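**Student:** Mind having a look at this structure? Questions to follow.
Please treat every number below as a calculation from the coordinates, not as lab data. It should be emphasised that the depicted structure is a prediction, and the values quoted were computed from it without experimental measurement. Positions of Cβ are generated from backbone atoms using ideal geometry, with glycine treated the same way; all protein chains shown enter the neighbour counts.
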C-alpha cells in the first residue's frame, strides 16, 4: 500500500506525498462540481479511491459543514470515506477562476483535494505527510509559487520551500 | 517576552488544523511573540503542550471547530476561543487581540 514510503525514505519530504498523476494543470472546469469530479476521477485512476461517487459524497458532506475556500484563490476540499483506499492529495489549477465559498469571497484558482480513509489507524504515516502538506498551504510564499506554476514540475516544486 | 500557547483542531482533522497552526505561528513570529501550538487531528495529538507550558504562558488561543482533549489543562489561563477559519483568515489580528487581552489581564483589568 505504501509504495513510496519505504523505511529509509525521509518522512519529512512533503513532496513525496504528491502523485504527479493527481495533478491537473489548467483545468477548463467551470464549476466546483465539475472540477471536483475531474480531480476525483484522477484519484480513482491513481488508485486513491475505489468509488468516485462514494468519495464525492463525503467531500460534499464536508462542504456542508463549513467553508473550504481558505482565501487567496485557494480551496481545500476534503473527504473522509471508506472509498479512500490510499490517502492522498490532488491538485488542480484552473484556467479560469470558479465560484467557491471562501473566507475572502474570492473565486478559486487552485483546488487542493485531500482524501482521508475512514480508518486512519493503518495510514498514520501517510496522513502525517498530508498534515505537513496542509501546513505548507498556510505559507503565503508557497501559495504564491503554486499560483504562478505552469506545469506539474513547478507545482511540486512549490512545496519544496 | 509575551508567550502564547494554544490548540488547533478542525472537523476532519487533516487540513484546516495545520493551516491554522502554520498561519498563527508565522504571524506570532513576525510580531515577535513566542508561540507553542498543539494540534489535534486525524493523526492524533502532535506538538503536545504540558501543563507547565500552559501555566507559564500569558494567554491561550483555541482555534477549534470540535471539542478537544485535555480542555481542563486550560482551566487557569485566559482563553481566546475561535473557529479555525478566523485563525486562517486573520492570524495577525487574532494574535494582536490575544496579546491585548493578555496585557489588560496582567494589569488586573477585566477584558
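**Student:** Using alpha carbons only, what's the Rg to Rh ratio of chain A with Rh from Kirkwood? All intermediate terms of the calculation are to be shown ahead of the outcome.
**Tutor:** Working: Rg = 14.5 Å, Rh = 15.6 Å.
Using only Cα positions, Rg/Rh for chain A is 0.93.
**Student:** Same structure, new question: Rounded to two decimals, what is Rg over Rh for the protein assembly as shown when you use alpha-carbon atoms and the Kirkwood radius?
**Tutor:** Values: Rg = 18.8 Å, Rh = 19.1 Å.
Here Rg/Rh amounts to 0.99.
**Student:** Let me ask something else about it. Express as a percent, rounded to the nearest 5, the fraction of DSSP beta bridges in chain B (both residues included) that run antiparallel. Don't jump to the answer; show the numbers that get you there.
**Tutor:** Numbers: 3 of 19 bridges.
Antiparallel: roughly 15 percent of the beta bridges in chain B.
**Student:** For residue B:53 and residue B:1 in one chain, what is 0.36 nm times their gap in residues minus the Cα-Cα distance, to one decimal in nm?
**Tutor:** Numbers: separation 52, 0.36 × 52 = 18.72 nm, distance 1.40 nm.
Extending this stretch completely gives an extra 17.3 nm.
**Student:** I would also like to ask the following. Under 14 Å from a point placed 7 Å out from the Cα of residue B:46 along the Cα-to-Cβ direction: which residues of the range B:11-27 have their backbone N that close?
**Tutor:** B:13-23
**Student:** Please report, to two decimal places, log10 I(q)/I(0) for the range B:58-111 at q = 0.12, 0.18, 0.29 Å⁻¹ as given by the Debye formula with identical point scatterers on the Cα atoms and no solvent.
**Tutor:** Log10 of I(q)/I(0), two decimals: -0.29, -0.63, -1.15.
**Student:** If you don't mind, there's one more thing I want to ask. Can you give the angle from 0 to 90° between the axis of helix B:16-31 and the longest principal axis of chain B, with both taken from C-alpha atoms, to the nearest 10?
**Tutor:** Computed tilt is about 30 degrees.
**Student:** Starting from a Cα-only point model with no solvent, please compute log10 I(q)/I(0) by Debye for chain B at q = 0.12, 0.14 1/Å.
**Tutor:** Results for chain B at q = 0.12, 0.14 Å⁻¹ read -0.35, -0.48.
**Student:** Also, I was wondering about something else. Quick check: the distance between the Cα centres of the range A:82-161 and the range B:26-67, to the nearest angstrom?
**Tutor:** Centre-to-centre (Cα) distance: 23 Å.
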